[in-house]
Structures are given as C-alpha cells and as structure tokens.
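First up is the structure itself, then whatever we jot down about it.
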Amino acid sequence: MINEHEILNASILIVDDQEANVLLLSELLRDAGYACITSTTDPYAVCELHRKNRYDLILLDLLMPGMDGFQVMAELKTVETDGYLPVLVITAQPGHKLRALAAGAKDFVAKPFDLVEVQTRIHNMLEVRLLYRKLENYNQVLEQTVLERTAELRESEARFRRLTELSSDWYWEQDENGHFTKISGPVLKMLGIQVDGALSKTSEDQGARWNEAEREILEANLTARRPFLDFVYSLTNPDGSRQYLMVSGEPMFDLSGRFTGYRGIGKDVTDTMNPTLESPTDQ
C-alpha cells in the first residue's frame, strides 16, 4: 500500500504557459502538503525535464502557443516506453477531454479550477502512479531473484554432479523409455550399452558373461520404477576373473507426478569385494 507520506513526497511538474495558473497550482499543492513541486511555462522543455527527473505526475495545460499539450504527450511517449504517461491534463474545452484521454492522459481537471476536485484528482492519480511503480519495482526484484535462484540452482547442480563424479565411476540418466540421456564416465563399458542407449549383451559377445539373475533383479527394479541403493552385480571376464559393479538409482518425476526416467551412479567395487562373496542373490 501507499502511505500519505509517499504521496506528499511524490515529484510533480506543472506545465502551463500562463504564469498565474502555475502560481495558483503551486500554492494549492504546497498548502495541501506536497513537497516536491517543479514548474515550467515552456512546453518545449517538458520532455527533457521528464527524461532527467521522471516525475510521478505532470499537470499539463492543453492549450499553449507553439506546442500544445497533445504534442507534448506525443513527445513524452518517446520517454515513457512502457506506455504509461503520468499526465493529468488541464483544459477549459470540454471537447478536449476524450481526445486527451485517447492521447494517453490518465485524468483531467477543468478550468476554472474547483480546488477540492483538483486536490482529489491529484491525490488519487499519485496513489495509482506510485502503486504502479511499486509493482514495477517488485516485478524487477522478482525477476532478478528468479535469475539469482536459477544461477544458484545450476551451480548447486554442477557441484552435486562434480561430487557425484568424484565419489563414483559413472553417473547416468535414463528417459521414461529406458534410453540413456546423460552419462558421465565409462557407462557404456561397464554396462554393455548399445549406441541407442538400451541394455544389451554386447559384453557377452566379447567373451564376458553377466550374472543373469543379478541383471534380472536390476532390470526388474527399473521396470517397477523402484529406487535401489548400492546394488551389486557381476560379470565374468574372458580371463575368468570376476568383476563386481555397484549401482544406485532413483526414479524421476515431473511436478505433475509423471514418470520421466531414472538417474543414478555406479562404481567398480571389485577391489573391495570379499573374494568369497559370489553375488547378492546368493545371500
């Protein structure tokens, strides 16, 4: 909300070629408590003044020699690129009111002045203008916050990925169809993966033999979309040695709860396995 102090300290520019009208409006505003009042009788100076000071309200006379209020508003639009003209027009011509509103003015006061009406319209317009600016600033802060949070999230994800890579031999992600979308490390070598990302028996074609019971358990977990932690499976190499691999994974879901795939890590744990341990399925 906008408080009275903010309204009374808003910046106001009075534009009228008649010095008497400028003095009358200035005195009226000061008597009402407004503190930041500027004036000019030169319509050609308005655009540059607003460019430098960005007034909260411009009280603009429409009928001025050389450059009328409609021309001034057209020029102000080159400054207010968001399309909001903080202009309250002053006119003695009833037929000019609709035209002024169509040109971008937000309100009008009629000559001769009704002092109560002038004060009320100025107060109301300033309140709306300051609310508009507060919302604009809030949106800018929100946008900046989103950018900062997004950058923090990406940094966090990168840090997590790096820590994952340091603590494991490979990182992997699968889509909902079981195809690998992200891999880091020797995933293809360790898992025997075809180029299209599907589990294969290519290692067996090269002489290595997977423990089928263990592979069935792993594939059952993936099919059922169950998380699994430190699952150990093995293969026998062509030289007869046994290689043990440990993998952990979790299913991924989007905000609507739709399954989008798996992600996980894997590690060669052959050196740490007890030589007497045959496989997790033998326990």
> Restricted to the range 64-77, and to residues that are touching a residue at least 40 places away in the same chain (Cβ under 8 Å) and in a loop (DSSP other than H, G, I, E, B), which residue is nearest to Asp107 (Cα to Cα)?
Replying inline: Met64
> Taking the range 11-25 as the search range and keeping residues that are over 21 Å from His123 (Cα atoms) and touching a residue at least 12 places away in the same chain (Cβ under 8 Å), which one is surrounded by the fewest Cβ atoms within 10 Å (Cβ to Cβ)?
Replying inline: Glu19
>> Take the conditions modelled with pLDDT under 85 and in the same structural domain as Gly185 (by TED's automatic domain parsing) and apply them to Leu235. Does it pass?
In response: yes
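This table checks each residue for (1) surrounded by 21 or more Cβ atoms within 10 Å (Cβ to Cβ); (2) in contact with a helix residue (DSSP H, G or I) (Cβ under 6 Å, 6 or more places away or on another chain); (3) of a type outside the set (Lys, Arg).
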site: Glu27; (1), (2), (3): no, no, yes
site: Gly33; (1), (2), (3): no, yes, yes
site: Cys36; (1), (2), (3): no, no, yes
site: Ser39; (1), (2), (3): no, yes, yes
site: Lys52; (1), (2), (3): no, no, no
site: Lys77; (1), (2), (3): no, no, no
site: Pro86; (1), (2), (3): yes, yes, yes
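Quick grid of which residues meet (1) assigned by TED's automatic domain parsing to the domain that holds Phe228; (2) in contact with a Phe, Trp or Tyr (Cβ under 7 Å, 6 or more places away or on another chain); (3) modelled with pLDDT of 75 or more:
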residue	(1), (2), (3)
Tyr244	yes, no, yes
Met252	yes, yes, yes
Ser256	yes, no, yes
Thr260	yes, yes, yes
Gly264	yes, yes, yes
Lys267	yes, no, yes
Thr272	yes, no, yes
Pro275	yes, no, no
>> Given the criteria acidic (Asp, Glu), more than 16 Å from Asp16 (Cα to Cα) and not in a loop (DSSP other than H, G, I, E, B), does Glu80 qualify?
In response: no
> Looking at (1) in contact (Cβ under 8 Å) with a residue 60 or more places away in the chain; (2) within 16 Å of Thr120 (Cα to Cα); (3) not basic (Lys, Arg), which is the only condition Leu8 fails?
Replying inline: (1)
> Looking at this structure, is Ala110 surrounded by fewer than 19 Cβ atoms within 10 Å (Cβ to Cβ), hydrophobic (A, V, I, L, M, F, W, C) and more than 23 Å from Asn9 (Cα to Cα)?
Replying inline: yes
> Of the residues that sit in the range 208-221 and are surrounded by 18 or more Cβ atoms within 10 Å (Cβ to Cβ) and in a helix (DSSP H, G or I), which one is modelled with the highest pLDDT?
Replying inline: Glu214
> Could we say that Gly192 is surrounded by fewer than 17 Cβ atoms within 10 Å (Cβ to Cβ), outside the structural domain of Asp61 (by TED's automatic domain parsing) and at pLDDT below 65 here?
Replying inline: no
> Does Val22 satisfy the criteria of being within 26 Å of Lys77 (Cα to Cα), modelled with pLDDT under 95 and in contact with a strand residue (DSSP E or B) (Cβ under 9 Å, 6 or more places away or on another chain)?
Replying inline: yes
>> Can you tell me which of (1) modelled with pLDDT of 90 or more; (2) within 17 Å of Ile12 (Cβ to Cβ); (3) among the aromatic types (Phe, Trp, Tyr) is the one Phe70 doesn't meet?
In response: (2)
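The values are calculated or read from the model by the stated rules, or taken from the named source; none is laboratory data. Just so it is clear, the structure is predicted and the values come from calculations on it, not from any experiment. Ideal geometry is used to build each Cβ from the backbone, glycine not excepted, and the neighbour counts take in all protein chains shown.
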